[in-house]
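First comes the structure, then the notes that go with it.
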Amino acid sequence: MERPRHQGMAKNTYMRWRLPLVCLLWEVAMIILFGVFVRFSPEADAHWEEEKQTMNVTSDIENDFYFRYPSFQDVHVMIFVGFGFLMMFLKRYGFGAVGFNFLLAAFGIQWAILMQGWFHSFETGKILIGVENLINADFCVGSVCIAFGAILGKTSPIQLLVMTLLQVTLFAVNEYILLNLLHVKDAGGSMTIHTFGAYFGLTMTLILHRPNLEQSKDKQGSVYHSDLFAMIGTLYLWMYWPSFNSAISEHGDAQHRAAINTYCSLAACVLTTVAFSSMLQKKGKLDMVHIQNATLAGGVAVGTSAEMMLTPYGSLIVGFICGIVSTVGYVYLTPVLESRLHIQDTCGIHNLHGMPGLIGGIVGAITAAAATEDVYGKEGLIKAFDFTGSYKTRTPSVQGGFQAAGIVVSLVMAFAGGALVGGILKLPIWGDPADETCFEDDVYWEV
Amino acid sequence: MERPRHQGMAKNTYMRWRLPLVCLLWEVAMIILFGVFVRFSPEADAHWEEEKQTMNVTSDIENDFYFRYPSFQDVHVMIFVGFGFLMMFLKRYGFGAVGFNFLLAAFGIQWAILMQGWFHSFETGKILIGVENLINADFCVGSVCIAFGAILGKTSPIQLLVMTLLQVTLFAVNEYILLNLLHVKDAGGSMTIHTFGAYFGLTMTLILHRPNLEQSKDKQGSVYHSDLFAMIGTLYLWMYWPSFNSAISEHGDAQHRAAINTYCSLAACVLTTVAFSSMLQKKGKLDMVHIQNATLAGGVAVGTSAEMMLTPYGSLIVGFICGIVSTVGYVYLTPVLESRLHIQDTCGIHNLHGMPGLIGGIVGAITAAAATEDVYGKEGLIKAFDFTGSYKTRTPSVQGGFQAAGIVVSLVMAFAGGALVGGILKLPIWGDPADETCFEDDVYWEV
Amino acid sequence: MERPRHQGMAKNTYMRWRLPLVCLLWEVAMIILFGVFVRFSPEADAHWEEEKQTMNVTSDIENDFYFRYPSFQDVHVMIFVGFGFLMMFLKRYGFGAVGFNFLLAAFGIQWAILMQGWFHSFETGKILIGVENLINADFCVGSVCIAFGAILGKTSPIQLLVMTLLQVTLFAVNEYILLNLLHVKDAGGSMTIHTFGAYFGLTMTLILHRPNLEQSKDKQGSVYHSDLFAMIGTLYLWMYWPSFNSAISEHGDAQHRAAINTYCSLAACVLTTVAFSSMLQKKGKLDMVHIQNATLAGGVAVGTSAEMMLTPYGSLIVGFICGIVSTVGYVYLTPVLESRLHIQDTCGIHNLHGMPGLIGGIVGAITAAAATEDVYGKEGLIKAFDFTGSYKTRTPSVQGGFQAAGIVVSLVMAFAGGALVGGILKLPIWGDPADETCFEDDVYWEV
């Protein structure tokens, strides 16, 4: 019996010392770095009581906490329950889906607070954090959860932690380039979260290609109950996506508008997903994979433009298209990617985050380029795109160009980063499972 | 072997062209209608930045978004997870319960924004939408989810979409009559949502009566795990009901009060449900059907009066009664309705929404009629019942009369509408399942 | 065949008259007491419209509802879904876990509103309730849910109701001593909720010791799906804990800070839980029991100090330690407690709430004692510890001493109360299950 697995021998998946060591050392590192760098923002610091007076704030309700905390909690649910349960569809990988997602996200948010903090909230040597930092950390980790979807079931928890460390780092760099250098708008992260996360994950899984993965094919499907658990994830992602896309928008009309646009896009997306799920199947029956995933593409695809004047019908159009693109992707593209391009994408993130993320970037660029004072109002236009300071003279069409550049940068960063991290994860020291024990909780969990 | 099914021959449940066609055409219609009619409300429009100044609004926190968005998200969870999972109790209809609920609600909210918009938010030719419109759309769809409960497992997805289209339309008409013509208060929808939705659904299922439904009786029960999934739905409905009943109340004390009253009513309801569930069963054991459903009746029954000065102990009394009524209904009334009146009510919506909805309307009428300046304060009374403009001279007792009229109108609309829609759904073109394949996911889903 | 069970004969678990009687009579008592005592607080009363003007409140958004309602709903989810589902890990006790938790919590919140109201919100003969009272009632019931965890599967619903009545009463007394007499800060309840609840429950289960519990040992474990349901509970507790610890803190910076500290502590806790779960197991595999429980210890342990200037890195340190303590407790301490001390702790509440609660009290005392004007600002320090009125001259170090005293008082109250209630529950009249039918839904539920 030949065993042509790429690493050539039985895998050592024994985690007893490696995993604890990584967890403990890294957490100690977090404590030290937080100790040196992280403090409360003025609105979370006990000095607020005095600062309020000097800043002429008349009411405690003006604290950013009340503008953003409900959205933060919704985003938090999306990251931990949404992603965790959505990935629970595999029949024997429920612990791994929800448990490893929990682990990597819990580490990732800490590291993200630091990385994003150094780039965005660094003042006089300290990172001053408030509720917006928590949201941004969750967002950053969201892109890691997306990449996790591509390699779900095929990696050890240590690999996932290594991936998280590196991906969060690169995410922060990419985000800095987009938001600060290119001055791009991307409040719901079509580019920074979805495009970057998806193509990062796809590149990784290409590098980590397992030629004999069919040895665990019997475990790669779902069973009735695992599909129902996955629907919990789907619905929480779907319902709370308006909060996701509006969470860090400007106070007032921008948050309001972003929620409405996302609500509309997601609603339309459900209809076209159902239509194509039925149409593309000979017996005309609906496929739970599509319902679980493609219905969410509408949220991804307005991630850049939701806070702009996309308008409700514009959102419906975007959702309409993305439900189709995503479902068609599951039916036709995923098998081709696997057979021809050797991209083994467990959750089909290319269909849910990759293509819709790209569409989202493009829609954002177009919407920005089409902005006018007529539609936004003079002050509204300045506020919406932050045409202030050194960007005072930037026009909407130029903004559109920079938005487009943001897509390209995100893609390049994702390919390069995914290749790098994929290469590192390929080292035979991380305890990944053998081909025949992929998609199986028993490897890393007491069952 | 005789086959006395009312349509006389094997059913064609093939959805491949019919379902996609309906979904795509209707979604295109939504896009066109949204394009013509729907725009952002001032608080969600980029002009807000300028408008704020002319309207003398000093802070972004005064935006309606911050008053209502957290409640909106809770309501959203109730519609999609609450109803979707509550209906998952059937052993082999989990995909249909959560999936079809998802489909009809996603379509329904779009159509509801239009229908309710034409009646309530139509200004200078446009429907201007904000977060309150999203809540109202969710509310409207809630009544469709209720009606769905009566026909759960016995209908095709196309039938459900047709039902949604028509029921949302009639809902909006009924709501217009009550809120605008009768000037009735019904913030939590005891009349407009629950009474209307329940009797609409019950009339439909009467028309759609299946004399040989016992052929699928083995699938009409629950199994251990499906009951646990259903409890997710129950708990989310129960926990978030205070948000439901307060979501569109006036800012300030009314929202605050509505949440408290609902919290109290629901708590009391649990106790009497448990009491009667145990008492009405020979072995004294608790029945999950009652815990899943009757515990929620307290929320339905304060849907009209929660924002009024019902008081906490008044709410406890209402909840106390409704837990009893609803549980007794499940034990004694549902079997009679089925055997004598040919009303096959899959989820027992008569017990959860029908009777408690009626009680809610009556409690609302009494509470309104009993209102005094002493209890509300002079200005408080005017604000609570909106005794302004052409209603300046209306007295509480007259208001009580109009509230009572609202119940009657809702019932009449429900019976007439349900009969009409039931008749339409009976046409043998919608692909409904045969009697022996009811309550079975396999008909419309890849399992 | 000898039958050495401590009560010596077959148990009568027939609930048909006893359970309904208790539920109905107690609910009637609630109605009467609410009727006599409970009214709306000014911010929930219709007079608010007028009162606003006299109190010079310019906007409805200043209503406490908008400061606390989103957090309230998160806490509500923690009590009903969080605890209910976390306890669902037993293979045959899902109905009992979620259903009895629902029952006792629904009763408990009503009684808590009264008990806490008499101590804290009693004005001119009435208890005036607003959203903060609802949160506090949920908090109080949280301590009952904790105690329930120790006796899960071994008690009848009547016992649970009796326990709730008495524990809520004693909780309110203990809370009054701590908050009012000792003037202790404990916004997230490390002492009042967790320490008190845990040691109350542990004392009860000691008194109720079942020497032959191994007769139902086969049912005391989990199965794959029950572990996944339990993860729903875990994640909702974990995600919403920042809301729990910040829900009743002062408006503004204190709420903001409490959320951030809790977020940090919980994140760190996950890493050390995973590390020790793997390390303490020969095969190095992760144990779902630890992931489900010990990951939450970080939330418990900052329950007192989260609203103080614990700082993010301080929170990480606390979470780091508690993940270790809790996991080690599950592996080494729980078996010893059971075999040596006869403490049969079904859910391991000693590891999740007991030890972390004590740590939380100690961390709170230290953080309070270490407070300086430099760190808090002059006004900030006064506000944070409410050094006003008769406490105007109290210093941080004295406050630290009182905080420490609060731990001792909570422990004494828990031991004494648990012994008393355990003794009452031991009476052979409450219908508890026989040793061989523990952890089995079939006893009290139609399955």
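The values are calculated or read from the model by the stated rules, or taken from the named source; none is laboratory data. As the structure is a prediction and not an experimental result, all values here were calculated from the model. We place every Cβ from the backbone using ideal geometry, glycine too, and count neighbours over all the protein chains shown.
Let me spell it out: the conditions are (1) within 14 Å of another protein chain (Cβ to nearest Cβ); (2) closer than 27 Å to C:Trp445 by Cβ, and C:Phe148 meets all of them except one. Which number is the exception? Of everything listed in (1) within 14 Å of another protein chain (Cβ to nearest Cβ); (2) closer than 27 Å to C:Trp445 by Cβ, C:Phe148 misses just condition (1).
Being of a type in the set (Ser, Thr, Tyr) and in contact with a Lys or Arg (Cβ under 8 Å, 6 or more places away or on another chain) holds for only one residue in C:Ser339, C:Ser278, and it is C:Ser278. Quick one: in segment A:76-97, which of the residues that are in a helix (DSSP H, G or I) and more than 16 Å from the chain's Cα centre (by Cα) is farthest from the other protein chains (Cβ to nearest Cβ)? Out of the qualifying residues, it is A:Phe89. Looking only at residues in segment C:162-180 that are within 14 Å of another protein chain (Cβ to nearest Cβ) and surrounded by 24 or more Cβ atoms within 10 Å (Cβ to Cβ), which one is nearest to C:Asp441 (Cα to Cα)? In this case the residue turns out to be C:Thr164. Inspect segment A:408-420 for any residue being of a type outside the set (S, T, N, Q), closer than 27 Å to A:Gly82 by Cβ and crowded, with 24+ Cβ neighbours inside 10 Å and give the result as yes or no. Within segment A:408-420, one or more residues are of a type outside the set (S, T, N, Q), closer than 27 Å to A:Gly82 by Cβ and crowded, with 24+ Cβ neighbours inside 10 Å.
Return a yes/no flag: does segment B:124-137 have any residue that is more than 14 Å from every other protein chain (Cβ to nearest Cβ) and modelled with pLDDT under 95. Step through it out loud before you land on a result.
Start the filter on segment B:124-137 by keeping residues that are more than 14 Å from every other protein chain (Cβ to nearest Cβ), which leaves B:124-125.
If we keep only those that are modelled with pLDDT under 95 as well, we get B:124-125.
Yes, segment B:124-137 has at least one match.
Of all the residues in segment A:187-246, those that are surrounded by fewer than 24 Cβ atoms within 10 Å (Cβ to Cβ), β-branched (Val, Ile, Thr) and away from chain B (no Cβ under 14 Å) number 2.
This table checks each residue for (1) among the polar types (S, T, N, Q); (2) under 27 Å from B:Gly360 (Cα atoms).
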site: B:Phe385; (1), (2): no, yes
site: B:Ser390; (1), (2): yes, yes
site: B:Val398; (1), (2): no, yes
site: B:Ala416; (1), (2): no, yes
site: B:Gly422; (1), (2): no, yes
site: B:Trp430; (1), (2): no, no
site: B:Thr437; (1), (2): yes, no
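If a residue has to be surrounded by fewer than 21 Cβ atoms within 10 Å (Cβ to Cβ), facing chain B (nearest Cβ under 8 Å) and in contact (Cβ under 8 Å) with a residue 24 or more places away in the chain to count, how many in segment C:9-32 make the cut? Residues that pass the stated criteria total 2. Could you check segment C:40-69 and list, in sequence order, the residues that are of a type in the set (D, E, K, R), more than 7 Å from chain B (Cβ to nearest Cβ) and within 28 Å of the chain's Cα centre (by Cα)? The answer is C:Asp64, C:Arg68. Got at least one residue in segment B:305-318 being touching a helix residue (DSSP H, G or I) at 6+ places or on another chain (Cβ under 9 Å), more than 18 Å from B:Gln220 (Cβ to Cβ) and away from chain C (no Cβ under 12 Å)? Yes, because at least one residue in segment B:305-318 is touching a helix residue (DSSP H, G or I) at 6+ places or on another chain (Cβ under 9 Å), more than 18 Å from B:Gln220 (Cβ to Cβ) and away from chain C (no Cβ under 12 Å).
Against the list (1) β-branched (Val, Ile, Thr); (2) in contact with a Gly (Cβ under 8 Å, 6 or more places away or on another chain); (3) surrounded by fewer than 23 Cβ atoms within 10 Å (Cβ to Cβ), the condition C:Val57 fails is (2). Look at segment C:259-283: where a residue is more than 8 Å from chain A (Cβ to nearest Cβ) and surrounded by 24 or more Cβ atoms within 10 Å (Cβ to Cβ) and a partner is not in a helix (DSSP H, G or I) and not aliphatic (A, V, I, L, M), sitting 6+ places away or on another chain with Cβ atoms under 8 Å, you get C:Asn261/C:Ser305; C:Asn261/C:Glu307; C:Asn261/C:Thr311; C:Thr262/C:Gly188; C:Ser277/C:Asp287.
Across segment C:122-135, what is the total count of residues that are closer than 13 Å to B:Ile260 by Cβ and out of contact with any Phe, Trp or Tyr (no Cβ under 8 Å at 6 or more places or on another chain)?
2
Do you know which residues across segment B:367-398 are touching a residue at least 60 places away in the same chain (Cβ under 8 Å) and not small (Gly, Ala, Ser)? B:Thr367, B:Val375, B:Tyr376, B:Lys383, B:Phe385, B:Asp386, B:Tyr391, B:Arg394 - these are the residues of segment B:367-398 that are touching a residue at least 60 places away in the same chain (Cβ under 8 Å) and not small (Gly, Ala, Ser). The combined condition, being charged (D, E, K, R), surrounded by fewer than 20 Cβ atoms within 10 Å (Cβ to Cβ) and more than 17 Å from C:Val270 (Cβ to Cβ), is not fulfilled by A:Arg68.
Among the residues examined, A:Ile366 does not qualify as surrounded by fewer than 22 Cβ atoms within 10 Å (Cβ to Cβ), over 19 Å from B:Asp45 (Cβ atoms) and touching a helix residue (DSSP H, G or I) at 6+ places or on another chain (Cβ under 6 Å). The condition (being among the hydrophobic types (A, V, I, L, M, F, W, C), touching an Asp or Glu at 6+ places or on another chain (Cβ under 7 Å) and modelled with pLDDT of 95 or more) is satisfied by just one residue among B:Ala150, B:Ala112: B:Ala150.
In segment B:284-304, the residue that is nearest to the other protein chains (Cβ to nearest Cβ) out of those that are among the small types (Gly, Ala, Ser) and more than 20 Å from C:Gly35 (Cβ to Cβ) is B:Gly284.
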